[in-house]
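To start, the structure under review is shown below, and the notes come after it.
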Amino acid sequence: MSTQIDHLLDESRRFPPSPEFAAQAVATEQLYTDAAADRLAFWADRSRELLHWHTPFTRTLDWSNPPFAKWFDDGELNVAYNCLDRHVEAGNGDRVAFHFEGEPGDTRTLTYAELTAEVKKAANVLTKLGISAGDRVAIYLPMIPEAVIAMLAVARIGAVHSVVFGGFSADSIRSRIDDANAKLVITADGGYRKGKASSLKPAVDAALTGGDGTSVEHVLVVKRTGQDVDWTDRDLWWHDEMAAAPAEHEAQPFPAENPLFILYTSGTTGKPKGILHTSGGYLTQTAFTTQAVFDLHPETDVYWCTADVGWVTGHSYVVYGPLASGATQVLYEGTPDTPHPGRWWELIEKYKVSILYTAPTAIRTFMKLGRQIPQKFDLSSLRVLGSVGEPINPEAWVWYREVIGAGKTPVVDTWWQTETGAIMVSALPGITSLKPGSAQVPIPGISIDVLDDSGTPVGEGNGGLLVVTEPWPSMLRGIWGDPDRFKETYWEKFGDKYFAGDGARLDDDGDLWLLGRVDDVMNVSGHRLSTAEIESSLVAHPLTAEAAVVGASDETTGQAVVAFVIIKASQTDAASAGDVAEILRAHVAQQIGAIARPRQIFVVNELPKTRSGKIMRRLLRDVAEGREVGDTTTLADTAIMQVITDAMK
Ligand code: 6R9
């Protein structure tokens, strides 16, 4: 890691904004000045300017009971009204909200008026099914318009959605439904991925059978692929319910701190954390950052964030931020390489996309395929490019700008997390002189620092731990049902400062370089996975005695899951090492989801442990990355690494 960082810090290329871009930019220097003068007044101004408040707020921040923040808490608003009706009322009902493109090539255009009408009907369906404010609704859908409609309908009636990524398994759905006591699940028969129909409903069916019963009363099923599905008494077709639902629905105001959604994310222990976000502060910061960071001009831009709504990026930068801003978006269901490796570029040409927001793992994949593929398409509509999910290495950054952005578009590298709800660190196009590989500076109104282990700021030129030093509007309000874990995970280390779990370095200009997680959380293709969660899945299999999982660096996905397992003595004859690896890879995919499937599994006789019994993952990472094994002096058995390395030859 350290040689890589030294190399990064040698990066001397700079890309100042062009005068033409700066002249038309949404963000101005004044934002930094205002935020520095009075941070709370700055956010109050943004909130009043960007949102419609049914009842205006008079209090900006209540931090009397840290770390439980309340923003704008005496105000009332309706999140869906802010994303829909008000644009229609302002005369923009005919503006396209979504250009939807299914993987097989089917398309659907939804204007703001049409999207509003769909959400009103869906809100009536939910009410008829007994859902009211505060109830939890699980959503397990492909990237189709109904995913957005379902989320907004839940928000419209003041209920709480918990979106479960469509790639997750029945067990993952079950644990999320149980943790939040969801009353309703919204799913589909299936969706299109990699050129074929893949099923979704069977996973929901499996999640709802067995165990001690479930809180779920109904399952609402969108017909997407038309494949056969099993049917039970609790199931209802989405299209039947929508056809029968009244068209009118008036959005009621809810308090600013009304819960909006729960989104589960990996922590350092096995159990995913239900990150809770609320309404007014979250919508303020997602709307502000959509406009300032991506330089969104909603009348003329076509914006495409490629994230799935199952991840926080899809929540904040497909649904809430862009819709609150009145943006026109592209929504694409499928994989980037179906039916051909130029599909994304074809979509950009077709819809004249001007703002593209995607992840480094995708950019690196395209780099490997070669520039001749994007060069076949007209990408001249692009004017801003964004990156999120993991550090973007300078070479990928420069390729992105040169090949996709014709050597002229700003590239903004945006650092944030499920917990932060919205972008926290990013250049602002039109203002910042860009530095490839660095996320650069906190956005206006956000206070970030880098501390050493004892809590002292490291200062420029040094590395340490990234913290947020002041509460921010879109911050998580807690972990669902577990206030103690919320305090322990994020606040215990530095008292009054939010500990993000990322290492970072401040360079001599004061720009931030993100260095990856400092805990046992991996980042695979921009998705967070916990080593502990995959280890517990592996040891749950009858073949496995012990398991250790590490994130090994991977050219394409950033990190890849590599597992070391010890097979139970009673099972060693049962299967060959090769078979064992295959069986266990399939097992993890089935238990957690395909994204967690280990790239490699090594069967070993022992694991390297300290005298206190902690697995030394650092050493296993050396092995997995093909490096010379580092310092083994704290191992209980110093010979063990030699045995493991030999066994892998
Ligand atoms: C939005 C999102 C959060 C973790 C975060 C960090 C990594 C995200 C990054 C980045 C370097 C960036 N991360 N953006 N690292 N540069 N621009 O990805 O949320 O899934 O919760 O992941 O991702 O390690 O802590 P989430």
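Data overview
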{"item": "Candidates Lys493, Lys497, Lys487, filtered to the one that is open to solvent by 20 Å² or more (accessible area, probe 1.4 Å) and within 30 Å of Ala563 (Cα to Cα)", "result": "Lys493"}
{"item": "Residue within region 336-359 that is within 23 Å of the chain's Cα centre (by Cα), of a type outside the set (A, V, I, L, M, F, W, C) and within 16 Å of the ligand (Cβ to nearest atom) present", "result": "yes"}
{"item": "Members of region 156-168 found to be open to solvent by less than 10 Å² (accessible area, probe 1.4 Å) and small (Gly, Ala, Ser), listed by number", "result": "Gly158, Ala159, Ser162"}
{"item": "Residue tally, condition open to solvent by 10 Å² or more (accessible area, probe 1.4 Å) and hydrophobic (A, V, I, L, M, F, W, C), over region 421-451", "result": "4"}
{"item": "Test: residue in region 45-59 that is open to solvent by 60 Å² or more (accessible area, probe 1.4 Å), touching a Ser or Thr at 6+ places or on another chain (Cβ under 8 Å), modelled with pLDDT of 95 or more and assigned to a loop (DSSP other than H, G, I, E, B)", "result": "no"}
{"item": "Region 164-192 residues that are touching a residue at least 40 places away in the same chain (Cβ under 8 Å) and more than 19 Å from Ala153 (Cβ to Cβ), paired with ones that are aromatic (Phe, Trp, Tyr) and in a loop (DSSP other than H, G, I, E, B) (beta carbon under 8 Å, 6 or more apart)", "result": "Phe165/Trp311; Asp179/Trp480"}
{"item": "Failed condition for Ala188, given (1) open to solvent by 10 Å² or more (accessible area, probe 1.4 Å); (2) within 23 Å of the chain's Cα centre (by Cα)", "result": "(1)"}
{"item": "Set Arg517, Arg505: member being within 23 Å of Thr358 (Cβ to Cβ) and within 12 Å of the ligand (Cβ to nearest atom)", "result": "Arg517"}
{"item": "Strands (runs of 3 or more DSSP E) enclosed by region 122-240 - at least 1 residues per element that are under 27 Å from His527 (Cα atoms)", "result": "136-140, 160-163, 184-188, 190-193, 196-199, 218-222"}
{"item": "Residue match in region 54-74 (condition: at positive phi, assigned by TED's automatic domain parsing to the domain that holds Pro246 and touching a Lys or Arg at 6+ places or on another chain (Cβ under 8 Å))", "result": "no"}
{"item": "Hits in region 92-124 (condition: among the aliphatic types (A, V, I, L, M) and under 15 Å from Ala147 (Cβ atoms))", "result": "Ala97, Leu110, Leu115, Val119, Ala122"}
{"item": "Subset of region 596-619 that is open to solvent by less than 60 Å² (accessible area, probe 1.4 Å) and assigned to a helix (DSSP H, G or I) - its residue that is nearest to Val524 (Cα to Cα)", "result": "Ala596"}
{"item": "Residues (part of a loop (DSSP other than H, G, I, E, B), within 13 Å of the ligand (Cβ to nearest atom) and open to solvent by less than 10 Å² (accessible area, probe 1.4 Å)) located in region 310-326", "result": "Gly310"}
{"item": "Residue match in region 564-573 (condition: in contact with an Asp or Glu (Cβ under 6 Å, 6 or more places away or on another chain) and open to solvent by less than 20 Å² (accessible area, probe 1.4 Å))", "result": "no"}
{"item": "Hits in region 447-460 - residues which are without any contact (Cβ under 8 Å) to a residue 60 or more places away in the chain, of a type outside the set (Asp, Glu) and either within 15 Å of the ligand (Cβ to nearest atom) or closer than 11 Å to Ala504 by Cα (or both)", "result": "Leu451, Val458"}
{"item": "Subset of region 364-402 that is within 16 Å of the ligand (Cβ to nearest atom) and of a type in the set (Lys, Arg) - its residue that is modelled with the lowest pLDDT", "result": "Arg364"}
{"item": "Residue match in region 76-98 (condition: within 26 Å of the chain's Cα centre (by Cα), surrounded by fewer than 20 Cβ atoms within 10 Å (Cβ to Cβ) and not in a loop (DSSP other than H, G, I, E, B))", "result": "yes"}
{"item": "Scope region 239-284; condition away from the ligand (no atom under 14 Å from the Cβ) and β-branched (Val, Ile, Thr); matching residues", "result": "Thr269, Thr278, Thr284"}
{"item": "Residues that are under 10 Å from Pro17 (Cα atoms) and either among the basic types (Lys, Arg) or within 14 Å of the ligand (Cβ to nearest atom) (or both), drawn from region 403-435", "result": "Lys408, Leu434"}
{"item": "So Pro471, is it assigned to a loop (DSSP other than H, G, I, E, B), closer than 26 Å to Thr289 by Cβ and more than 19 Å from the chain's Cα centre (by Cα)", "result": "yes"}
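The values are calculated or read from the model by the stated rules, or taken from the named source; none is laboratory data. Everything quoted here is computed from the prediction, not taken from an experiment. Here the Cβ is made from the backbone with ideal geometry for all residues, glycine too, and neighbour counts use every protein chain on show. Side chains included, ligands, DNA and RNA excluded: accessible areas come from the protein's heavy atoms. Shrake-Rupley method; radii C 1.70, N 1.55, O 1.52, S 1.80 Å.
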